[in-house]
1. Being over 17 Å from T147 (Cβ atoms) and either surrounded by 12 or more Cβ atoms within 10 Å (Cβ to Cβ) or outside the structural domain of V111 (by TED's automatic domain parsing) (or both) is the filter here; which residues of region 74-87 pass it?
2. Taking region 63-112 on its own, how many of its residues are more than 30 Å from N123 (Cα to Cα) and outside any loop (DSSP other than H, G, I, E, B)?
3. Looking only at region 129-171, count how many residues are assigned to a strand (DSSP E or B) and either of a type outside the set (A, V, I, L, M, F, W, C) or crowded, with 17+ Cβ neighbours inside 10 Å (or both).
4. Cβ contacts < 6 Å: first residue in contact (Cβ under 8 Å) with a residue 40 or more places away in the chain and more than 11 Å from R101 (Cβ to Cβ), restricted to region 148-171; second residue in a strand (DSSP E or B) and of a type in the set (D, E), any location; separation 6+ or different chain. Result?
5. For region 91-108: of the residues being modelled with pLDDT under 95 and surrounded by fewer than 13 Cβ atoms within 10 Å (Cβ to Cβ), which is nearest to F140 (Cα to Cα)?
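The values are calculated or read from the model by the stated rules, or taken from the named source; none is laboratory data. Treat the numbers as computed from the prediction; the structure is a model and nothing was measured. Neighbour counts run over all protein chains shown; Cβ positions are idealised from the backbone, glycine included.
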Amino acid sequence: MSKNIFYLILALAITAVACNETNNVADNAEIKHKSDPIVETVTDSQNTVSPKETNNNEKPKAIKKPQDTVKINTDVAADYNLKVGQIISCDLFQHSSTGKRTKYSIDNKEVLLLKQEKYEDSNPSKPLSDGSSGNLKVVFEAKKAGTCILEIRKMYRGNLEKELKYNIIVE
């Protein structure tokens, strides 16, 4: 019986040593991996992706992404600064039965490109002919560095009530 205990202890000791050696090999591999150069993805101006090696002591450079959609306040004229690729939108009130409409125009379509124009009914359960109102959601993308003016005209039965000009600056 004492021989069996001896062999059991011996087997456990060998297993413990083997496990310790496996952990050391894994630790050494991790250390070696940490000393390898870091590869980061970099996007250039043509949106092509290429790997770039950096030194382990250098921190990887953060790639800037365009911010969330900028929402235009259609009650107050203002300047808006955007980055190329950034999205800007506004909701233009429409009420067909009363003749209230909001129109827009941009003077430089190379700087600010129309991405989407969609009517959203404020009460979709009502038929459109039943005096419905809603918003025309207009979404633009800043395509090129430069400036442009977005004009918003609030109309009532064909007459201009209010005109607002927004200076959009794209960097």
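1. Hits for region 74-87 are T74, I87.
2. Going through region 63-112 one residue at a time, the tally reaches 5.
3. The qualifying residues number 28.
4. Close Cβ pairs (under 6 Å, with a partner that is in a strand (DSSP E or B) and of a type in the set (D, E)) amount to K165/E151; N167/D79.
5. Looking at the filtered set, the residue picked out is G99.
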